[in-house]
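Asks: Encoded as structure tokens, here's the structure I'll be asking about.
The values are calculated or read from the model by the stated rules, or taken from the named source; none is laboratory data. Predicted model, so just to flag it, every value in this text is computed and none were measured. Virtual Cβ from ideal backbone geometry, glycine too; neighbours counted across all protein chains shown. These accessible areas exclude ligands, DNA and RNA; they are computed on the full protein's heavy atoms, side chains included. Shrake-Rupley method; radii C 1.70, N 1.55, O 1.52, S 1.80 Å.
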Amino acid sequence: MSKLRLVLVDDQALFREGLRTLLGLVSDFEIVGEARNGQEAIELARRCRPDVILMDLRMPGLGGVEATRAISEAKLPARVLVLSTFDDDEEISAALAAGAIGYLLKDVPAEKLTEAIRLAARGDSVLQPSVATKVVRQFAEWQNRQQKRAAQPLVEPLSARELQVLEQLTSGKSN
């Protein structure tokens with residue numbers, strides 16, 4: 001069985017070292033690279049061809065959302081799994097819209113993290129329960145806005161003459 005190839009991306013060296021130590025103990029994981037920012041992450045994604053990239057979001061220079069988008073747009077095979085301290089709605093939405101397959105908070109237990117990495121490598125989405133709640137709420141709000149927008153009638157209905165002109169236009173006549 002081949003090992004899952006991982007890249008760790010975080011601007012905090014101590015956190016990367018802790019992840020490397022923790023994930024290095026997992027027999028089916030191989031750490032193939034580490035990056036301090038989004039630009040380095042993109043370069044490693046191209047060069048190392050990892051299965052999963054554990055991506056922080058807030059980093060100096062190129063951030064995690066921008067790096068995730070670039071990796072996704074380049075059609076690189078790596079799956080990006082966000083590992084962040086922040087769980088605000090905008091960052092969650094931005095990361096998922098950029099192509100991240102999952103979003104976990106840095107307080108996730110080690111066994112949940114290793115399980116999430118395996119799921120992400122298979123192509124399954126992974127959301128921490130508190131993040132999933134926010135995503136579901138955001139979707140429901142979006143759906144409600146769409147329904148309200150579709151249900152809004154015209155401010156004023158068209159007059160009989162306006163309808164005649166519209167009918168003539170649709171039949172190819174000029175105004």
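Asks: Being assigned to a loop (DSSP other than H, G, I, E, B) and open to solvent by 60 Å² or more (accessible area, probe 1.4 Å) is the filter here, so list the residues in region 1-10 that pass it.
Replies: Restricting attention to region 1-10, the residues satisfying the condition of being assigned to a loop (DSSP other than H, G, I, E, B) are 1-3, 10.
Those that are assigned to a loop (DSSP other than H, G, I, E, B) and open to solvent by 60 Å² or more (accessible area, probe 1.4 Å): Met1, Ser2, Lys3.
Asks: Is it the case that region 90-104 has a residue that's out of contact with any Lys or Arg (no Cβ under 6 Å at 6 or more places or on another chain), exposed (fewer than 15 other Cβ atoms within 10 Å of the Cβ) and over 29 Å from Lys3 (Cα atoms)?
Replies: Yes, because at least one residue in region 90-104 is out of contact with any Lys or Arg (no Cβ under 6 Å at 6 or more places or on another chain), exposed (fewer than 15 other Cβ atoms within 10 Å of the Cβ) and over 29 Å from Lys3 (Cα atoms).
Asks: Only one of (1) of a type in the set (A, V, I, L, M); (2) closer than 23 Å to Gln12 by Cβ; (3) crowded, with 20+ Cβ neighbours inside 10 Å is not met by Ala121, so which one is it?
Replies: Only one criterion in (1) of a type in the set (A, V, I, L, M); (2) closer than 23 Å to Gln12 by Cβ; (3) crowded, with 20+ Cβ neighbours inside 10 Å is unmet by Ala121, namely (2).
Asks: Now for a separate question. Looking at Leu54, Leu22, Leu44, Leu14, which is the one that is within 16 Å of the chain's Cα centre (by Cα) and either under 18 Å from Gln128 (Cβ atoms) or open to solvent by 10 Å² or more (accessible area, probe 1.4 Å) (or both)?
Replies: Working: Leu22 fails: within 16 Å of the chain's Cα centre (by Cα); Leu44 fails: within 16 Å of the chain's Cα centre (by Cα); Leu14 fails: within 16 Å of the chain's Cα centre (by Cα).
Answer to the selection: Leu54.
Asks: Let me ask you something else. Could you identify the single residue in Lys106, Lys134, Lys75 that is of a type outside the set (A, V, I, L, M) and over 30 Å from Asp28 (Cα atoms)?
Replies: On the way: Lys106 fails: over 30 Å from Asp28 (Cα atoms); Lys75 fails: over 30 Å from Asp28 (Cα atoms).
Result: Lys134 is the single residue among Lys106, Lys134, Lys75 that is of a type outside the set (A, V, I, L, M) and over 30 Å from Asp28 (Cα atoms).
Asks: Working carefully through the options Val131, Val136, find the one that is part of a helix (DSSP H, G or I), surrounded by 11 or more Cβ atoms within 10 Å (Cβ to Cβ) and touching a residue at least 12 places away in the same chain (Cβ under 8 Å). Show your work before the answer.
Replies: Values: Val136 fails: touching a residue at least 12 places away in the same chain (Cβ under 8 Å).
Val131 is the lone residue from the list that is part of a helix (DSSP H, G or I), surrounded by 11 or more Cβ atoms within 10 Å (Cβ to Cβ) and touching a residue at least 12 places away in the same chain (Cβ under 8 Å).
Asks: Can you confirm whether region 77-87 contains a residue that is polar (S, T, N, Q), open to solvent by 70 Å² or more (accessible area, probe 1.4 Å) and outside any helix (DSSP H, G or I)?
Replies: The initial filter retains those residues of region 77-87 that are polar (S, T, N, Q), namely 84-85.
Checking which are open to solvent by 70 Å² or more (accessible area, probe 1.4 Å) leaves us with 85.
Cutting the leftovers down to outside any helix (DSSP H, G or I) gives us 85.
Yes: region 77-87 contains one or more residues that are polar (S, T, N, Q), open to solvent by 70 Å² or more (accessible area, probe 1.4 Å) and outside any helix (DSSP H, G or I).
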